[in-house]
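K.L.:
Next up is a structure, given as C-alpha cells.
The values are calculated or read from the model by the stated rules, or taken from the named source; none is laboratory data. All values derive from a computational prediction rather than experimental measurement. As a convention, Cβ positions derive from the backbone with ideal geometry for all residues, glycine included, and neighbour counts pool all protein chains shown. Accessible surface areas use protein heavy atoms only, side chains included; no ligands, DNA or RNA. Shrake-Rupley method; radii C 1.70, N 1.55, O 1.52, S 1.80 Å.
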Amino acid sequence: DLRAGDKVRIARAGDVIPEVIERLPQPGKKRGPEFVMPANCPVCGTAVLKEGAYSFCPAGLACRAQLIGHILHYASRYALNIDGLGEKIAAQLVDREKVKDVADLYALTVEDLLELEGFAEKSARKLHGAIRSSMAPRLDKFLLGLGIPQVGQHVARVLAEKYRTLDRLEA
C-alpha cells in the first residue's frame, strides 16, 4: 500500500534495482490517495490488458506513446545510434504523421525535417545524415533496435554471431 509521498526504507536487491523493505510511518502527515491502475491507456484510450503482474496498452504502434518509445529505442546509442533523434523530435515526427513505423525514418527528406520546430538547414542535414548513416547497421544492433520481446543486447549478439545475416536468421 505505497502511495505518493510515503517515506520508505530501501535496500539494494540484485545488481542495481532497489527493493522497498518497509513504509515508514509519518505521524501527523496525511497520506496521498491510493493508486488505482487506469482501465484505459491515458494516451490512446485503448482498454488496458493485464497479464500476471503486468498491465499494458495492447494498441502497439497505434498508440502514440508506444510509437514514440519504439522510435527512441531504435535510435538509441545501444541500437542504431541515430544522433540527434530525441524525444521532442520523435514526437513531432509522429504528430505530423511523418513516421508511423521506424522504417519511415529512412523515407524522410531534409525538407521533411525542415518542417519541424527548431530545425534550420544545418540541423536538418545533420539529422538526415545520421539517419542515413544507420542504414547498414551491425546485425546485433539492428535486432536490438527492433524491440523484439526478450531480445536484449546479449541475445541480439548471440543471434548475430550464430546466423551472421538477417536472411539466415529469418530462414
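K.L.:
Using +1 on the beta carbon of Lys and Arg, -1 on that of Asp and Glu, and nothing else charged, what's the dipole of the chain about the Cα centre, debye to 20? If you can, show how the numbers build up before the last one.
P.N.:
Working: 25 positive and 22 negative charges, 118 e Å.
I would put it at about 560 debye.
K.L.:
Does segment 62-108 classify as rounded, prolate or oblate by the C-alpha gyration tensor (a ≥ b ≥ c root eigenvalues; a/c under 1.5 gives rounded; else a/b over b/c gives prolate, otherwise oblate)?
P.N.:
Cα axes put segment 62-108 in the prolate bin.
K.L.:
Whose amide H sits under 5 Å from the amide H of S55, counting only residues 5 or more places off or on another chain, with H placed in the peptide plane?
P.N.:
Residues meeting the criterion, in which the H sits 1.01 Å from N, do not exist here.
K.L.:
Continuing with the same structure: In what sequence, highest mean first, do 150-156, 68-74 appear when ranked by Cβ atoms within 10 angstrom?
P.N.:
68-74, 150-156
K.L.:
Follow-up. Please compute the per residue accessible area over the chain with all protein chains in place, 1.4 Å probe, rounded to a whole number of Å².
P.N.:
On a per-residue basis, 69 Å².
K.L.:
Follow-up question, since we're still on this one. My understanding is that a pair violates if its Cα-Cα distance is over 31 Å; which of K122/K162; K98/K122; K98/K141 do that in this structure?
P.N.:
Violating the 31 Å Cα-Cα cut-off are K122/K162.
K.L.:
Accessible area of the chain with a 1.4 Å probe: how many percent of it is carbon plus sulfur?
P.N.:
Carbon and sulfur atoms account for 55 percent of the accessible area of the chain.
K.L.:
Let me know the shape class of segment 130-171, please: from the alpha-carbon gyration tensor, a ≥ b ≥ c as square roots of the eigenvalues, rounded when a/c is under 1.5, otherwise prolate if a/b is greater than b/c, or oblate.
P.N.:
Oblate is the answer for segment 130-171, as a/c is 1.5 or above yet b/c matches or exceeds a/b.
K.L.:
What accessible surface, in Å², does a 1.4 Å probe find on Y163, ignoring ligands, DNA and RNA and rounding to the nearest 10?
P.N.:
The value for Y163 is about 70 Å².
K.L.:
Taking 41 Å as R0, compute the FRET efficiency from the Cβ-Cβ separation of V36 and N81 and round it to 0.05.
P.N.:
With a Förster radius of 41 Å, E is 0.55.
K.L.:
I need the shape label for segment 1-46. Rule: rounded when a/c is under 1.5, else prolate if a/b > b/c, else oblate, with a, b, c from the alpha carbon gyration tensor.
P.N.:
oblate
K.L.:
Would you give the gap between the C-alpha center of segment 58-122 and the C-alpha center of segment 1-41, rounded to a whole Å?
P.N.:
Cα centroid to Cα centroid, the span is 34 Å.
K.L.:
Just subtract the alpha-carbon distance of V110 and A4 from 0.36 nm times their residue separation and send over the number in nm, one decimal.
P.N.:
Stretched fully, the V110-A4 segment lengthens by 33.7 nm.
K.L.:
Using a 1.4 angstrom probe and counting only protein chains, how large is the accessible area of S76 in Å², to 10?
P.N.:
Accessible surface of S76 is approximately 30 Å².
K.L.:
When we measure straight from the Cα of K30, which aspartates and glutamates land under 18 angstrom away, once same-chain ones fewer than 8 places off are left out?
P.N.:
Partners found: D1, D6, E22.
K.L.:
How do C57, C63 rank by accessible surface area computed with a 1.4 Å probe, from largest to smallest? Please report the intermediate quantities before stating the final value.
P.N.:
On the way: C57 25, C63 0 Å².
Listed by decreasing accessible area, they come as C57, C63.
K.L.:
Aspartates and glutamates near K100 by alpha-carbon distance under 16 Å, same-chain residues fewer than 8 away left out - which ones?
P.N.:
Straight-distance partners of K100: E87, D112.
K.L.:
If you plug each phi of segment 50-58 into the Karplus form 6.51 cos²θ - 1.76 cosθ + 1.60 with θ = phi - 60°, what whole-Hz ³J(HN,Hα) values come out, in order, with x for Gly and Pro?
P.N.:
10, 10, x, 7, 9, 10, 8, 8, x
K.L.:
For Y163 and R138, compute 0.36 nm times the residue count separating them, minus their Cα-Cα distance, and round to one decimal in nm.
P.N.:
Contour length minus the Cα-Cα distance gives 7.8 nm.
K.L.:
Normalising by the residue count of segment 22-171, find the relative contact order in percent from Cα pairs under 8 Å and 6+ residues apart.
P.N.:
Here the relative contact order equals 17 percent.
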